[in-house]
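Beneath this line is the structure, given in C-alpha cells, with notes to follow.
Each value in this text was obtained by applying a stated rule to the coordinates, not by laboratory testing. Note that the structure is predicted; figures quoted are calculated from it, not measured. Virtual Cβ from ideal backbone geometry, glycine too; neighbours counted across all protein chains shown.
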C-alpha cells in the first residue's frame, strides 16, 4: 500500500501552491502550517535545495471526529501535502494517504473517518491540472 497520492503538473511552483490551496478549500480543508524546506535547509544547514514546501492541511469537522474517536490521533494531524519542484522543471503535488498512516491503530470508527479524509484528499489531487 502506498502512503501517498501524487500528481505532476506543468504549473510553476507558486501556481501549484495556489491551485492545491484552492482545491483543499473546496473539500473543507484549511492550511494550518506551511514549512518552506528549501529556506529552512539554507538557513539551518547552509544547503541549497529545490523548492519544496510542506502544507499541513486540516478539515476541522473531520479532525474533531478523529480526535473524539481517538484522543491521541492529534499526533498524526494535520494531513500533510508536499509541493516540490522536479528535476525536469515541473511541479509535483503529493498528499498523505491517511488510511495507510492509520493501519497501526485498531479503531473502526477512526478507520471510517480516515477513509472519508482519503477520499477528499484524492479528490484534491485528481482535480489538479
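Brief remarks on what is shown
- A Förster radius of 22 Å, combined with the Cβ-Cβ distance separating residue 127 from residue 105, puts the computed FRET efficiency at roughly 0.15.
- If you take the Cα centroid of the range 7-34 and the Cα centroid of the range 52-98, the two points sit 12 Å apart.
- The chain: angle of helix 60-69 to the longest principal axis, Cα-based, in degrees nearest 10: 50 degrees
- Modelled FRET efficiency - R0 22 Å, residue 25 with residue 119, Cβ distances, 0.05 increments: 0.85
- Relative to the longest principal axis of the Cα atoms of the chain, the long axis of helix 108-127 lies at roughly 30 degrees.
- Folded to 0 to 90 degrees: helix 13-26 orientation relative to the chain principal axis, Cα: 20 degrees
- Residue 45 paired with residue 12, simple spin-label distance in nm, labels 7 Å along Cα-to-beta-carbon: 2.7 nm
- Fewest neighbouring Cβ atoms within 10 Å first, the residues 79, 58 line up as 58, 79.
- With helices as the sole contributors, the chain gives -13500 deg cm²/dmol at 222 nm; each DSSP H run of n ≥ 4 counts as -39500 (n - 2.57), and the sum is divided by every residue.
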